[in-house]
Structure formats: C-alpha cells, structure tokens
Amino acid sequence: MLRPSLFALAALVCLALPASAEDKPTLTLYTYDAFAADWGPGPQLKAGFEQSCGCTVAFVAAEDSISALRRIQLEGATTRADALVGLDTFIAGEARATGLFAPHGLDLGGLALPAPWTDTDFVPFDYGYFAFVYDKTRLATPPASFEALIAEPDSFKIVVMDPRSSTPGLGLVVWIREAYGDHAPEIWAGLKPHILTMSRGWSEGYGLFLKGEADMALSYTTSPAYHAVAEGDDRYAAAEFTEGHIAQVEVSGILKSSPHQELARQFLAYMASPEGQKAIPETNWMYPVVDLGPDLPAAFGPAPGKVLPVDEAAVTADRNAWIEEALAALR
Amino acid sequence: MPRSAERRLPHRPLRLAGGAAAAVAIAALIATLFWSILGAAAGGQGGGAGADIGYLIYITTLQASLSTALSLLVGIALAWALNRLRFVGRTLVIGLFAAAIVTPGLVVAFGLLAVWGRSGWLGGLGVPVFGLGGVVAAHLILDGAFAARILLARLDAIPELRLKTGQSLGLSAWRRFAVIDWPALRGSLPGLAAIIFLLAFTSFPIVLLLGGGPAVQTLELAIYSAVRLDFDLALAVRLALVQIGICAAIILVSAALTPVPSSLDRPATPRWRDGPAARALQWTVLALALAGFAAALLAVLADGLAGLATVLGRASFWTATATSLGVAALSAALALALALVVAAGRAATPSRPLRTLLGAPAYAYLAVPAVALALGAFLFVRNLGILPDAAAPAIVVIANALLSLPFALATLGPPLDAIAQSRGRLIRSLGLGGTRQFAAVEWPLIARDAGLVLALGFCFSLGDLGVIALFDTHDFVTLPLLMSRALGAYRSNDAATIAALMLVLTLVAFIALPALFERLSRARA
C-alpha cells in the first residue's frame, strides 16, 4: 500500500511546481478554494480566457477569500499573485486600505448591479442577497420580517453563523444594523430564543437546516435555485423580509506588484463580460453582474423588493463594535 | 518510584539522547512557528480583542473538564464491559468505538443529530442536543470510546496467572475490579485525561455547531477571528499562549500523578465470569454505549449510501483518496517512529521531571491552535525561501504525525515502561544491547500496540483537514478537503458519502493493522 501512495505523493509534489518551460506568461490568480474547484467557476473561466489571451491561468486557492487576502498581505510586494479574485463587500474596504491594489481602469457602466458601480479599485463578478431559506413543505407561511420572526413561538428555530468566523454570519450583523441602526441590539435580543446555534461556517449551518433541525437558515436568496436546477427539488424558498435585504457583492482586484497588470485587467474584464458571466450562476449560485436574459435559469427569480445600501466605510470602521453588540445581546 | 527501580533499568544513554532530541525538535518547531508569527505581526493593523475572552476561557475550561471527566468514566465502564463479554461481532464493535476519535468531529456531530436531533431516529424523545450538554455528548462519543479502546488494551494485558489467583480467591465483581483491574488502568488514566482535555479544549467547529450560540463557545474561535478577521497576529499569539498555558497546567498535573507500571500479556480468552448482577450491568453498559456511540456512526454510514455511485464515479474522488492514503501512510509511519523514540527515551529514565520534559512537547503541540499552526507553518516555510505551495504535502505529513503523537505515546508509553521495569533485570543479566532488547524483548510485546498506533496515526491523518488554510489547495486535495468542499457547494449528499467512506477506511485500518502487526511479531518470535 505504501509504494503507490508514495508515488502519488511524489507526483503531487511535481504537479505543485509551476510549469515554467513555456514562453507564455502565467497569470496567477489568488482565490478561494470553492472558486477554483472542479464544480466552481474557475475551470470554465480559465478555459475561456486562455483561448484568446496567449497565456496560462493558474489558480492559487486558499481556504477562503479572507485567507487569500491575508496571504497577500503576508507576502507583501513579493507576492506571486497578479490578481485576487473573490473579495466581498465586507472585506473590500480593508483590502483597499492595504494599498496593495491598483485601480482597475475599466469602464463598468454597463453592469447590472443592485446599485450603479462606482468603485475604481475592484471589479464585481457576482452578487447575492442574504436571506433566510425555508422548506415550503414544512413551513407554509414564513415570517415576513425580523419582527415577525421574533414574534414566532420559541420552538421556531433558525440557524445563523458566527460573525467572527463566517462571512454570512458577518452579513447578518450588517443586515440588521443597516435595517435597524442603533436598535439592532433589540432585534438580536429578540432573535435569541430562536437561534438554534451559531455555526462556524455556512456549510455546516445550512447542513443543519437541510437535516431538518431548524425551520430556517441564513443563506442567500439564490440558494433555492441550486436545489431547483441541480437537484430538481423545488421545495426550498427564501423568505422576503419587509425591512429589505442587503447584497454581498464579490469583487476582484489587481495587485500593484504584478508584472502582468494588463493581462490581469483583461481577465477581470472577461469575467464581467456576458461570455464570462455565463460561467457564474450555475457554479457559484449567485446572480451575474450583467443581464444574461434567457441564459439565467428562471429558478433564480427576481431580486427582493427592497434592497438596503451597505456603507463600506462604516462596515470597515465599526464592524467589531457591531459584532460585539450583537453577541452581547445574545449572551 | 522506589529507588530499587533505578537499579533495575538497563543503562541506555542512546535512547535517552534520542528521546531528548525528538522532544527538543518538537519544542523548537513550536517556538519557531510562534516566532514566525510574531515576526509578521509588525505588519498587522491590530483589531479589538473581543470583550468576552475571559468568558470564553471559563466556558472552554468548564466544557473541557466535563468532557474529560465523563469520557474517562464512560471509557472505564465500557472497557470493563468489553473485557468481560464475548459476543459475535465484538471485534467490529471495538473497531467502531476506536474509530470514533479519528472521525472528523463534524461527521460525528451530524451522526449524533441523525439519532437524537429534532428530525432524528429518536428525535421524538426530545433529548436536548444543543448547548453545553450537546457539546459534551459529542465529545463523549469521540473521546469516551477512544478511552475505552486504550483501557481495554490494558485490561486485556492482565496476566492470566493473576486472574487465576483472583478467581481461586473467589473475588466479587467489585473486588475484582478494585484489586485487579484498577491497578492495570490507573497508569493510563493521566495520559488519557491530558489528551482528552486538550482535544475538548481545542475543539472548534463541533462546539459552534452544537453549542447553541455565544453562551457555549470556545477560545479557539477568538484566536481564529484574531488571525482571519482582525489580522491582529500579536493578539492571536497572546491568546494562543493563554491556551497553551492552561493546557500545559493540565499536562503537568497529569504528569505529576504517580506513574503506575502496567502489566503485559497477550489477550487470553477469559474463563472467569462475573456474577449475574455484574454481567447484567456489563450488558447494559454495552447496550447503552452501542445506542449512544455506534448508532451515531451507523447513521453516518447509512446516510452515505445514497450518493455512493456518484462519488465513486468521480476522478477527483480517486485522486483525493490516493493523496489521503499517501499522506496518511507517511504520517502514521513518522508518528510511530517518533513515539517509539520518545517512549523508549522516557522508559530509560526513572527521573520524573525528565520524563515529563521528554513527553511535554508532544502534548503541547496538541494545544497549539490550528489557525496558528497553519499561519506559522506558512510563514516558516516562506522564511526558509521555499515556495509554500510546493512544501504543502510535506507540511501536512509532519503536522498530522505530530497530531497523533500524544495518542501514540499514551498507547506505547505504559507497555514500554512496564517492560523496562519488569524485565530490566533480565535484560541486564543477559547483557542485551539496545537493539537486541528491542527486537527480542520489546517488539514481540508491543507489536499489537504499535499496530494500534499506526492505525491511529493513519486515521487521524485521513480525517484531518490539516494546516492548509493558507496553502494552495488547487492541486493538493485530500478526502476531508473534498468533503468540506462538497458541503460548501450545497452537495451534502456527496459530503455524506465521502464521510461514510472515510469511516469505512478508518474501521478497516483499526481492525486490520493491530491484528496484522501481532501476526508479524509472532512470525518473528
């Protein structure tokens, strides 16, 4: 048993080394594991871009997008990354403040996002709205607001994620803050009896919900589309809240230290183009940033009726205070 | 230890030096990891330490203490029952219990929910699974069953002669436990307690999954958040040192307890049955354990059947399996080698402080938060001028080997001590050298335990995600990573199947490796 596995390991070590024999430049993209994985958007985007760029696209995948950013910060100017793919609304301000990213220089006026895109550093490639997902066969009428959720009996359970370890968890803190401002702690205190648990990450929390342990789980309005399209199961739906929803926009940035900035710029433009965008919805299960028309499965449904703006600067400055007030209300 | 013991030990300076070298190397590695993080900390922007650090320390210590005490209690009761009872499928049941500790914690937690949760098989009973009770219950499944496996080995090794004497004296079931079993168990308890405490203290996803909210969480969460969200590396190192300090106190307390030499013998078919009341109790313990432990794991297996064809048809599954088997085999071999060196070094000296010093680094490694290990390893490799992604496989092998080292020490330490003390005089009078001592005396007696250590190391490595958070995972995919990837991409059926297959591999390793090693040792003897 030992020898073949040793061989496999040796082969892996070789695979991990960059193939530098060719003349073509290599565009190195740091991203999160799920993006570069077989069923993520990475492989399709790589294949599509390599057809015209005369380059090789190489992904370096860290555990999640914050880890990828931390890796770039640790590597500083010596990083091999040409671009970072997969930052989001909640970490973009901090990434901007590192001074490691260059302006993208692209005209993004034609994009279709919850709000017109004015960011000169980062290029968006998909977005989703946080929402509570439920099973229509178990719950006929879901609560239509945070206040209605609070008014449910204590046996009505939701699963949320910890804001310190999970992006959707942080998203809920920001969502309640944007909806209720200084009254956010009262909402958290009202939610306390309904919170079954605060999981470390989205996947295990959502897993609890799928196993029937909770009535609703914090996720995205696009989650039901996965079940409908990939599994042919249309039991799931996202509850629309009258307070409005906030969007998580996923973005990419070009590194100032990159010798291939023009190539990186072209990749980011390709990712935001209609052709590149086709790879996104059914891999990342988020909304595309251009109108794909009939190429977007109907299961993705319309955006929530009311969308709350997110103040990036306030998130960056007050994030820890908001997390602390939420946790204090639950403790 | 009585002074006469010193004179009975064979003189083995090389073994002492080897043990010391291994201990120093591990301590230096831990120090280097922290040093690398502190070196990078200057670049961090520094966030706010959460206001609840004190509370997190309190609740984590409480949870870990409860988990440890109950796991040992359950472990002793279960080992007692398994030692006395013989039934069809006993080997499989023992394998299943032992497999619990190396199964990824989240898999066990979901297994627990499949049985006791709101929609579980026994959900109607309304057993609360969320909150402190749920966390401790999950740790009981993971660690109590493991404790039972280790303690069962000690009970099975009680010399037949002692049992015959006890039987002829007509000892009651209780006296038999107190006079014969307890002395055999005592020596293993401090080491086990330290391990279980460390595991429960550093347990992270399982605590958040079952904890039920901020009231029951863990210090590792604060450390993880300091690194990832706040990027305050100095704070992370401070918190990590607090964690290591608390765990070190437990390690030292457990090391200070009088070491008790354990007995050594091959498992024999018992001819001495306890009275009907005791046997009824033993069957009850076994039935409860099966309901509580095995049912959760069976639920994992049952859950995984649905997606079997899909997963087996994927090339990525087979690549990940090959990678995982390679990593697991290498790190198991490394763990066994390190454990033999350290345990032999410890057995060569009667000095208690020296023995503690030799073993402590191995345990301390277990107290280092996973996120600090990942960060430190990344920075360390980078500072050496090596491309981190190329070094990832080697890093994972070493990290996984060190992860299972304390378990290996707890398994191999007591029998090697017992050999040095009970057969030391014989070895000296025969004038055996260290190599002959190992080949002729020690190996035949510890081969089965070595097989168990290899199985432990193999399965730990198989189930652990390792330290890869910052390393490139694009081409280096192991089974647990594939599983968490599937979970993260809504593919919970795939994840369930991968979890079930990992559990099957683990069971096979636990049943096959110890038996194989015993056969090998008999062929040589």
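The values are calculated or read from the model by the stated rules, or taken from the named source; none is laboratory data. Nothing here was measured: the structure is a model prediction, and the numbers come from that model. Don't worry about glycine lacking a Cβ; one is built from the backbone with ideal geometry, like all the others, and counts go over all protein chains shown.
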Please verify whether the range B:113-121 includes one or more residues that are surrounded by fewer than 16 Cβ atoms within 10 Å (Cβ to Cβ), hydrophobic (A, V, I, L, M, F, W, C) and at pLDDT below 90. yes
From the options B:Thr506, B:Thr478, B:Thr473, B:Thr497, residue that is crowded, with 23+ Cβ neighbours inside 10 Å, touching an Asp or Glu at 6+ places or on another chain (Cβ under 6 Å) and either closer than 30 Å to B:Asp303 by Cα or aromatic (Phe, Trp, Tyr) (or both): B:Thr473
So which pairs qualify, if the first residue must be in the range A:26-37 and more than 9 Å from chain B (Cβ to nearest Cβ), the second must be surrounded by fewer than 23 Cβ atoms within 10 Å (Cβ to Cβ) and in a helix (DSSP H, G or I), the Cβ gap must be under 6 Å, and the two must be at least 6 apart or on different chains? A:Leu27/A:Leu263
Spot the failing condition for B:Ile398; the list is (1) surrounded by 24 or more Cβ atoms within 10 Å (Cβ to Cβ); (2) within 24 Å of B:Leu513 (Cβ to Cβ); (3) within 14 Å of chain A (Cβ to nearest Cβ), and only one is missed. (1)
Identify the residue in the range B:207-217 that is touching a residue at least 12 places away in the same chain (Cβ under 8 Å) and farther than 23 Å from B:Ile251 by Cα and, among all such residues, is farthest from the other protein chains (Cβ to nearest Cβ). B:Val216
Being among the hydroxyl-bearing types (Ser, Thr, Tyr) and either within 14 Å of chain A (Cβ to nearest Cβ) or more than 17 Å from the chain's Cα centre (by Cα) (or both) is the filter here; which residues of the range B:64-121 pass it? B:Thr91, B:Ser119
Tell me yes or no: at least one residue of the range B:423-438 is among the aliphatic types (A, V, I, L, M) and either within 17 Å of B:Ala374 (Cβ to Cβ) or within 22 Å of the chain's Cα centre (by Cα) (or both). no
State whether one or more residues within the range B:301-310 are within 27 Å of B:Ala145 (Cβ to Cβ) and within 11 Å of chain A (Cβ to nearest Cβ). yes
Condition broken by A:Met161, with the remaining ones in (1) more than 14 Å from chain B (Cβ to nearest Cβ); (2) under 30 Å from A:Met271 (Cα atoms) satisfied: (1)
Examine the range A:63-70 for a residue that is modelled with pLDDT under 95, more than 9 Å from every other protein chain (Cβ to nearest Cβ), in contact with an Asp or Glu (Cβ under 8 Å, 6 or more places away or on another chain) and under 29 Å from A:Leu308 (Cα atoms), and state whether such a residue exists. yes
Can you name the number of the only condition in (1) surrounded by fewer than 22 Cβ atoms within 10 Å (Cβ to Cβ); (2) within 30 Å of B:Ala499 (Cα to Cα); (3) among the hydrophobic types (A, V, I, L, M, F, W, C); (4) in contact (Cβ under 8 Å) with a residue 24 or more places away in the chain that B:Leu125 fails? (4)
When you check B:Leu456 against the structure, is it under 20 Å from the mean Cα position of the chain (by Cα), closer than 30 Å to A:Val57 by Cβ and of a type in the set (A, V, I, L, M, F, W, C), yes or no? no
Just one of (1) away from chain B (no Cβ under 13 Å); (2) in contact with a helix residue (DSSP H, G or I) (Cβ under 6 Å, 6 or more places away or on another chain); (3) surrounded by fewer than 24 Cβ atoms within 10 Å (Cβ to Cβ); (4) charged (D, E, K, R) trips up A:Glu186, so point out which. (2)
Contact list, first residue from the range B:347-359 and crowded, with 16+ Cβ neighbours inside 10 Å, second anywhere and of a type in the set (Ser, Thr, Tyr), beta-carbon distance below 9 Å, six or more apart or interchain, is B:Arg355/B:Thr349; B:Leu358/B:Thr349
Is the range B:144-151 home to any residue that is part of a helix (DSSP H, G or I), among the aliphatic types (A, V, I, L, M) and surrounded by fewer than 22 Cβ atoms within 10 Å (Cβ to Cβ)? no
Looking at B:Leu387, B:Leu432, B:Leu373, B:Leu379, which one is surrounded by fewer than 24 Cβ atoms within 10 Å (Cβ to Cβ), free of Cβ contacts under 8 Å to residues at least 60 places away in the same chain, at negative phi and not aromatic (Phe, Trp, Tyr)? B:Leu387
Which residue pairs have Cβ atoms closer than 9 Å, lie 6 or more positions apart in sequence or on different chains, and pair a first residue in the range A:64-80 that is over 18 Å from B:Ile37 (Cβ atoms) with a second residue that is among the acidic types (Asp, Glu) and not in a loop (DSSP other than H, G, I, E, B)? A:Asp64/A:Asp33; A:Ser65/A:Asp88; A:Ser65/A:Glu250
Do we have any residue at all in the range A:30-48 that's modelled with pLDDT of 95 or more, outside any strand (DSSP E or B) and more than 20 Å from the chain's Cα centre (by Cα)? yes
Do you know which of the residues in the range B:437-490 that are part of a helix (DSSP H, G or I) and β-branched (Val, Ile, Thr) is farthest from the other protein chains (Cβ to nearest Cβ)? B:Val441
Which residue is nearest to B:Ala418 (Cα to Cα), if the candidates are limited to the range B:316-346 and must be surrounded by fewer than 21 Cβ atoms within 10 Å (Cβ to Cβ) and of a type in the set (Gly, Ala, Ser)? B:Ala337
